[in-house]
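Scroll down for the structure; my scribbles are underneath it.
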Amino acid sequence: MSNILEMRDVAFAWPGRGAFGIEVADFKLAAREKLLLIGPSGSGKSTLLALIAGIVAPDRGRIDVLGTDLAAIGPAARDRFRAEHIGVIFQMFNLLPYGSVIDNVLLPLSFAPSRRARVGTPDAAKAEATRLLTRLGLDERHIASRTAANLSVGQQQRVAAARALIGRPDLVIADEPTSALDRNRQTAFLDLLFGELDAAGAALMMVSHDETLAPRFDRVARLDEIARPMAFAEDAA
């Protein structure tokens, strides 16, 4: 099975005093693979996801996603690449608070011509957004009349998931996407998420503190198996 993601000799540090950084010697994610990443808060999971999504660029090394080295292209090119190929479920959701539920789901298509083309006409895109939202447990009342700011945290989480899935991206990155759901809704959410990923042929890299989710995934990794905190001169003093 070919790899959708390869990281080699990667290092990144957030700027500023008391900066935090991580190093990744070698990491691969196979096409269609579903990986659960486990690690404590503050260990660098969100930093790793930001690197893979091209939100930030490494200080050194290669991050190849679908054969494109994200370390070798500029911020605008990374943004375009992410919009076309990567669906991201952010931990804080990053929804437009006063946008409608449908508009929030459709937002990535505004920046991704190929992804938009896979969905079809504007009417077809709205129908697909509605289908995803319905499958993820939002009823017509929430879809038709509410803004993101008027949804519960769990409902916002599901809108963020639908936004990540629309247009069948090649890779979905999810940062604690089940944290606001109870156990029954977690199970239903993962059933639907995995079904959509399988239909799209997409890979998943998901962060969670909940190790009981492990049996659902193809592979489970602890962050310290992939990345290590970067050593700074002041730490060694």
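Laboratory data are not the source of any read-out in this text; all were calculated from the coordinates shown. If you're wondering where the values come from, they're calculated on a predicted model, not measured in any experiment. Reconstructed Cβ throughout: ideal geometry from the backbone, glycine too, with neighbour counts over all protein chains shown.
A few points about this structure:
- Net charge dipole size for the range 3-236 [Lys, Arg +1 and Asp, Glu -1 on Cβ; Debye, nearest 20]: 580
- Given R0 = 45 Å, the distance between the Cβ atoms of Thr121 and Ala11 translates into a calculated FRET efficiency of 0.50.
- Average Cα contact separation per residue, the range 109-237, under 8 Å, 6 or more apart, as relative contact order %: 22
- Entry note, the range 159-221: relative contact order of 44 percent, from Cα contacts under 8 Å with a spacing of 6+ residues.
- Applying the Kirkwood pairwise sum to the alpha-carbon positions of the range 3-236 produces a hydrodynamic radius of 18.2 angstrom.
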